[in-house]
1. Once you put a point 7 Å from the Cα of LEU327 and another 7 Å from the Cα of SER241, both along the Cβ direction, what distance in nm separates them?
2. Mind giving me the nanometre distance, one decimal, between the label points for ALA187 and LEU208, set 7 Å out from Cα along Cα→Cβ?
3. Using the number of other C-beta atoms within 10 angstrom as an exposure proxy, rank THR409, THR380, THR285 with the fewest first.
4. Of the cross-linked pairs LYS151/LYS410; LYS297/LYS411; LYS81/LYS234; LYS151/LYS408; LYS234/LYS408; LYS234/LYS410, which ones have a Cα-Cα span greater than 21 Å in the structure shown?
5. Going toward the positive end of the dipole of the range 16-426, with +1 on Lys and Arg Cβ and -1 on Asp and Glu Cβ, which of SER53, GLY267, SER416 do you reach last?
6. Can you list the lysines whose alpha carbon sits under 18 Å from that of LYS383, skipping same-chain ones fewer than 8 residues off?
7. Let me spell out the model: positive unit charges on the Cβ of Lys and Arg, negative unit charges on the Cβ of Asp and Glu, origin at the Cα centre of the range 3-103. What dipole size does that give, in debye rounded to 20?
8. What span do the alpha-carbon atoms of the range 16-426 cover on each of the three principal axes, reported in whole Å from largest to smallest?
Amino acid sequence: MSEEGDSQPTKDSFAALRFKDFRSYLGIRFFFTFAYQMQAVIIGFYIYHLTKSAFALGLIGLCEAIPAIGIALYGGYIADKSEKRKMLLIISSLVFFASMVMFIVTMKNMSSHIHTGLIVPIIYFMIFLNGLARAFYGPATFTVYANSIPKEIYPNASSWSSSTWQIASILGPATGGLIYGFIGITAAFGVILIFLAISIILIYRLRLYPPVFVPKENIWKSLSEGIDFVFKSKILIWAMSLDLFSVFFGGAVALLPVFANDILKVGSQGLGIMRATSSLGAVLTMLLMAKFSPMGKPWRNLLIAVTGFGLSIICFGFSRSFYLSLLFLFTEGAFDSISVIIRGTIMQLLTPDHMRGRVSAVNFMFIGSSNEIGAFESGTAAKLLGTVPSVIFGGSVTLVIVAITFLKTKKLIPLSLNQIQTPETLTV
């Protein structure tokens with residue numbers, strides 16, 4: 001284990017994979033994400049099939065984001081003071097239960113034609129339960145990840161962790177769209193339940209992760225400690241804010257069912273391919289980043305990546321060709337993956353061990369639910385402006401946000417990762 005300040009990227013591309021618990025963590029991340037992403041794409045298409053409403057798609061994100069954000073800080077507090085393996089088992093079991101209920105409801109709808117007015121609220125409530133689970137899942141896995149490897153290989157581990165998430169995000173939507181289109185939603189949910197079960201089994205392979213934080217004050221003071229740390233670190237605040245607002249306005253994923261069904265007319269199979277293409281761009285880029293780290297000048301590279309993300313969203317909004325749309329989704333995923341690696345590495349290196357859960361919870365409030373809040377914004381904007389104008393508008397706002405961040409953080413642009421961690425730059 002290196003000293004706290006040693007953060008030079010290792011030249012061993014497989015360094016993180018040499019640790020057993022990190023390999024187990026990757027397995028959990030893969031199977032859980034596969035199931036989660038697969039469920040997201042089939043539920044989105046299913047809800048749109050039942051309602052024909054872009055706003056109904058936005059409500060999916062809102063139902064998950066409200067509980068996830070509402071108790072995120074408490075989830076971080078619990079993660080810091082709890083044993084992580086047991087906590088993950090409980091959380092994953094709740095997600096499995098919610099998926100099982102949706103599986104039963106959709107199966108009943110196929111056989112007895114349950115009225116849409118009943119089935120849609122049930123699905124929304126199960127998504128709400130998933131949001132509750134996510135408030136605890138993120139801080140717990142953040143701590144497992146951080147303590148399963150030495151600090152000096154965080155950049156390498158970040159590439160593997162993010163690549164694993166993106167590979168699952170390729171296979172999940174593609175598998176979901178294809179199974180939904182050719183076999184049906186019941187079979188799709190069967191695969192989801194199998195993969196969730198595998199992730200639960202893999203959690204048992206983890207060693208115990210006892211708490212390193214024993215609260216000596218009331219819960220509110222403990223929570224404020226994590227909040228104060230984040231807000232006093234200007235780098236973390238700017239990084240989180242940049243991601244929050246770019247994804248909030250620039251995310252077009254929630255509207256992909258509309259593009260697939262009404263604009264590009266490629267159906268559920270095409271939707272799965274579209275979702276997977278974005279992740280394909282991300283995972284190929286992340287595999288390159290495992291060899292060629294973007295951490296040489298991280299802040300400069302972060303701003304470039306988010307700029308590319310915004311431009312890709314705008315071009316996707318203008319496109320009427322399926323294959324051209326896939327190209328822009330590919331570049332959107334590629335640029336987003338670079339920003340994920342940079343932000344994740346910075347946060348892991350700057351966060352003290354005893355408050356990882358609480359800092360992760362604050363990060364989740366900024367970033368973890370930005371996709372869901374962004375989905376609600378996209379659905380609402382699509383209803384008010386139209387689907388295509390809302391996507392173009394969102395990408396344009398992302399570019400404005402990057403410009404503002406550039407003007408406010410010019411001092412960070414030429415700095416290396418080690419220089420960014422110095423006390424002089426932490427308050428920029």
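No value in this document is a laboratory result; all are computed from the given coordinates. Since this is a predicted model, take the numbers as computed values, not measurements. Methodologically, a virtual Cβ is constructed for each residue, glycine included, from the backbone with ideal geometry; neighbour enumeration extends over all protein chains shown.
1. 3.6
2. Inter-label distance under the simple model: 4.5 nm.
3. Fewest to most other Cβ atoms nearby, the residues stand as THR380, THR409, THR285.
4. Long pairs (Cα-Cα over 21 Å): LYS151/LYS410; LYS81/LYS234; LYS151/LYS408.
5. After comparing all options, I get SER416.
6. The qualifying lysines are LYS52.
7. The dipole of the range 3-103 has a size of about 380 debye.
8. The Cα atoms of the range 16-426 stretch 60, 44, 39 Å along the principal axes, largest first.
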